[in-house]
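Below: one structure in structure tokens.
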Amino acid sequence: MRIFTDWRDLPADARGAAVALGNFDGVHLGHASVVRAAHSARPDAPLAVLTFEPHPREVFRPDDPPFRLTLSAERADALAGMGVDIVYEIPFTHEFSLMQPEDFITQVLHQGLGARHLASGADFAFGHRQRGDTTFLAERCQALGMGVSLVPPITDQRGPISSTRIRRALQDGYPERATAELGRPWAIRGMVAHGDKRGRTIGFPTANVALGRHLEPARGVYAVTIRVPGGAVYRGVANIGRRPTVNAGPESRLEVNLFDFTGDIYGQDITVALIAYIRPEIKFPGLDALKAQIAADAAEARRLLAHS
């Protein structure tokens with residue numbers, strides 16, 4: 001898959017695609033239906049996604065807590081898994097946000113991408129102050145010779161699947177709901193950093209990963225799987241939170257103990273997928289109580305993962 005960060009001066013073989021439009025945060029089942037609609041409309045054309053980086057909300061509301069389900073590399077991997085050939089990852093800046101809807105269609109989609117067909121969710125909005133809606137998109141694109149598919153939301157018994165709903169499920173401690181709506185477990189990808197190595201002293205060495213711009217899910221202990229460089233996958237137990245027993249710091253982080261693993265992964269990226277929530281984060285009276293609970297958590301994680 002190829003990624004382009006500008007719509008201008010694209011090579012000829014990166015133009016003329018069937019293009020799915022949206023932010024695609026999470027790349028959930030609803031997003032997958034938009035990608036499928038683009039491909040179904042023009043199976044003879046390259047399959048592409050147009051999205052934005054950073055997410056517009058990060059530009060307009062920079063003081064909000066981190067909320068992203070997927071960062072750029074994770075999103076690209078998920079889209080590649082859907083068969084996407086090209087990602088147009090447009091830099092979202094204040095200047096770009098001032099572009100009028102008409103200009104977005106003519107300059108970006110038509111002249112820049114040379115799109116043959118476009119697909120979007122029914123709530124896609126674009127252009128300055130999001131004045132462009134799907135009705136305007138369909139009318140203008142069809143006048144310019146570009147087909148348009150407007151895709152209804154994917155729904156279940158709880159209503160439409162959305163990135164907002166998946167965020168809420170994770171923050172409420174229901175990773176299995178996120179798994180069902182994403183079509184895969186939700187994961188945090190990041191570089192393993194040196195911590196205080198306290199876990200080694202109590203027999204549970206951990207890999208420490210900053211949450212960064214990722215959403216912070218419910219604090220507590222999880223059964224997880226971990227993909228390490230090279231592609232091998234291990235089972236493990238992880239804690240997300242501020243570690244109140246040993247260091248009640250201001251910043252939450254992810255600490256993961258990989259079962260049956262002895263390698264050195266400091267400075268390397270790992271991907272930690274949340275499979276099941278075991279318990280909330282609590283403060284213990286001392287290290288002995290903490291050590292006993294960690295052992296119990298690890299046993300419960302092994303049990304849950306054996307049945308997942």
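Quick check on my filter: what residues within segment 256-286 are touching a residue at least 60 places away in the same chain (Cβ under 8 Å), closer than 15 Å to residue 191 by Cα and in a strand (DSSP E or B)?
Within segment 256-286, 269, 270, 271, 272, 273 qualify.
Just checking, which of 69, 50 is surrounded by 20 or more Cβ atoms within 10 Å (Cβ to Cβ) and touching a Ser or Thr at 6+ places or on another chain (Cβ under 7 Å)? Reasoning before the result, please.
Details: 50 fails: touching a Ser or Thr at 6+ places or on another chain (Cβ under 7 Å).
Matching residue, one of 69, 50: 69.
Shifting gears a bit: Within segment 128-152, how many residues are at pLDDT below 95 and surrounded by 15 or more Cβ atoms within 10 Å (Cβ to Cβ)?
So the answer is 0.
On the given criteria, is residue 50 in a strand (DSSP E or B) and farther than 19 Å from residue 153 by Cβ?
Criteria met by residue 50.
Would you mind stating whether residue 233 is of a type in the set (Val, Ile, Thr) and either over 26 Å from the mean Cα position of the chain (by Cα) or crowded, with 16+ Cβ neighbours inside 10 Å (or both)?
When the stated conditions are applied, residue 233 does not pass them.
Then there's this: Looking at (1) farther than 27 Å from residue 169 by Cα; (2) small (Gly, Ala, Ser); (3) buried (at least 21 other Cβ atoms within 10 Å of the Cβ), can you tell me which one residue 121 breaks?
(1)
Moving on. Looking at 161, 226, which one is over 19 Å from residue 276 (Cβ atoms), in contact with a Leu (Cβ under 9 Å, 6 or more places away or on another chain) and not assigned by TED's automatic domain parsing to the domain that holds residue 69?
On inspection, the qualifying residue turns out to be 161.
Here are 182, 170: which of them is crowded, with 19+ Cβ neighbours inside 10 Å and touching a helix residue (DSSP H, G or I) at 6+ places or on another chain (Cβ under 6 Å)?
On the way: 182 fails: touching a helix residue (DSSP H, G or I) at 6+ places or on another chain (Cβ under 6 Å).
Being crowded, with 19+ Cβ neighbours inside 10 Å and touching a helix residue (DSSP H, G or I) at 6+ places or on another chain (Cβ under 6 Å) holds for just one of 182, 170, which is 170.
At least 3 residues that are in contact (Cβ under 8 Å) with a residue 60 or more places away in the chain in each: list the helices (runs of 4 or more DSSP H) lying fully within segment 63-167 that qualify.
Where helices (runs of 4 or more DSSP H) fall fully within segment 63-167 and carry at least 3 residues being in contact (Cβ under 8 Å) with a residue 60 or more places away in the chain, they are 72-81.
The values are calculated or read from the model by the stated rules, or taken from the named source; none is laboratory data. As the structure is a prediction and not an experimental result, all values here were calculated from the model. Cβ: placed from backbone, ideal geometry, glycine included. Neighbour counts: every protein chain shown.
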